Amino acid sequence: MPGRTAIGLDIGTSGVRAAELSYGRGGITLEKFGQVALPDGAVRDGEVIDRAQVVEAIKTLWKGSGFSSKSVALGVANQRVVVRQVDLPFMPPSELKSSLPLHVQDYLPMPVDDCVLDFHVTEEVADENGRRLRGLLVAAARDMVVGNVDTVQAAGLRVSSVDLTSFAVLRSVAKASSEVATEALVDIGARVSNLVIHSDGTPRFVRVLLSGGQDVTEAISERLGVPTALAEAVKRGAETDLGGQNPALVSSAVELMQEVFVDEIRSSIDYYSAANAQFPVERIVLTGGGSLLAGLADRLAAVTRRPVVLGNPVAGLHLGNTGLNDDQLASVQPLAAVPVGLALGVVL
């Protein structure tokens, strides 16, 4: 009999996805996973644009997936979320949340009253300047968060918590990655990708990248003059009939977009490394639908000179009656990092 349960809901650019976990004496079980595609433009850069379309997709997801509850943990990540490493005066946990607005305005590009704030403590620091809390300040535009929450509620669900999707990726992937001390996790979505660097599960650096697999697909489509569905197949390295297209042109189109995306990841890791020499990144772990891009892992390894592996967000979880066969489970595995991690934030 399942114990306590939690459902994580990820509203992405290309679809809505949810995972239900149960927590019992035997460990954590993946009970259900479901996803429903969204039309182009319904969600832009992580923010709901066409509320009616997203509401309908969430309703369809709940009708078809058999989730046991309407209470969900919701993730957010877009250009209207700021994540900064800052030091704050030491204070008890009971005072931290209420005191945040008084201490963080200078770190933010927007008025503190317009933000939803959180602070993730990573360590305590004591030196000649006194005792301080060091951690990651998260500030999300309030109207964006409220808009996404209202959309979920309009679909008949209840939002029990709102979490940064980067932290969700950390929970779901880092738990199975204990071979190295510090690594970079990159969850590549359709338009928004999450980069989080952690040491033994403690986040050191977070960056939301406004690029992903769909950008690569559209660039290939435009350069080759082929439909996006065909460009998607090219991106994934599938056998396709391109009507006599020059193979060299096809290859260069894919490599060009890989180069742009890989360079963005590399520059982010270099930026982190310049200020955190004591916690060097030892490897890179990829998740998300965009991680399936043919040749991406090899190119990223060559450019960063670090090993690159694929993450498995369901590793270490028991499998319940998910309704998915082995092939289906394998196909959704790259897409599960965010919803699984959001649910883990509730059950753990």
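Quick look at the values:
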| item | result |
| --- | --- |
| Other-chain or far-sequence residues with amide H under 5 Å of residue 318's (modelled H) | 28, 29, 30 |
| Cleavage-rule hits, GluC sites (Glu not before Pro), region 128-202, DSSP coil, Cβ neighbours within 10 Å at most 10 | 128, 179 |
| Check: region 81-141 dipole with +1 on Lys, Arg Cβ and -1 on Asp, Glu Cβ, in debye | 80 |
| Spin-label pair residue 302/residue 273, simplified geometry with 7 Å Cα→Cβ offset, distance in nm | 1.8 |
| Among beta bridges that DSSP assigns inside the chain, antiparallel share in %, nearest 5 | 75 |
| Fewest-first sequence of 86, 196 by Cβ atoms within 10 Å of each Cβ | 86, 196 |
| Top of 164, 292, 335 by mean-square fluctuation, Gaussian network on the chain, Cα under 10 Å | 292 |
| Cα gyration tensor of region 81-141 - equivalent ellipsoid semi-axes, whole Å, descending | 20, 11, 10 |
| Whole-percent pair-distance distribution, where bins are 10 Å wide, for the alpha carbons of region 1-145 | 10, 29, 26, 25, 9, 1 |
| Cleavage-rule hits (trypsin sites (Lys or Arg not before Pro)) in region 1-44: DSSP loop, at most 16 neighbouring Cβ within 10 angstrom | 25 |
| Of the trypsin sites (Lys or Arg not before Pro) in region 248-348, those whose Cβ has at most 16 other Cβ within 10 Å and which sit in DSSP loop | 305 |
| Rg to Rh, two decimals, where the chain supplies the alpha carbon set and Rh follows Kirkwood | 0.97 |
| Derived scalar couplings ³J(HN,Hα) [region 269-278; Karplus, 6.51 cos²θ - 1.76 cosθ + 1.60; whole Hz; x for Gly, Pro] | 5, 4, 4, 4, 4, 4, 10, 9, 4, 6 |
| ³J(HN,Hα) computed for each position of region 39-55 - Karplus, 6.51 cos²θ - 1.76 cosθ + 1.60, integer Hz, glycine/proline x | x, 4, x, 5, 10, 10, 6, x, 10, 5, 10, 9, 4, 4, 5, 5, 4 |
| Estimated 222 nm signal from helices in the chain, with DSSP H stretches of n ≥ 4 weighted -39500 (n - 2.57), rounded to 500 | -11500 deg cm²/dmol |
| Residue with peak Gaussian network fluctuation, the chain [Cα springs, cutoff 10 Å], from 297, 274, 141 | 274 |
| Highest-fluctuation residue, 273, 65, 99 considered, GNM on the chain with Cα pairs under 10 Å | 99 |
| Counting all C-alpha pairs of region 300-343, share separated by more than 16 Å (%) | 48 |
| Nonlocal amide H pairs with residue 183, under 5 Å, H built at 1.01 Å | 198, 200, 282 |
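Any read-out appearing in this document is the output of simple, stated calculations on the displayed coordinates, not a laboratory observation. Fair warning: this is a prediction, and the values are worked out from it, not measured in the lab. Please note: Cβ atoms are built from the backbone with ideal geometry, for glycine as well, and neighbour counts cover all protein chains shown.
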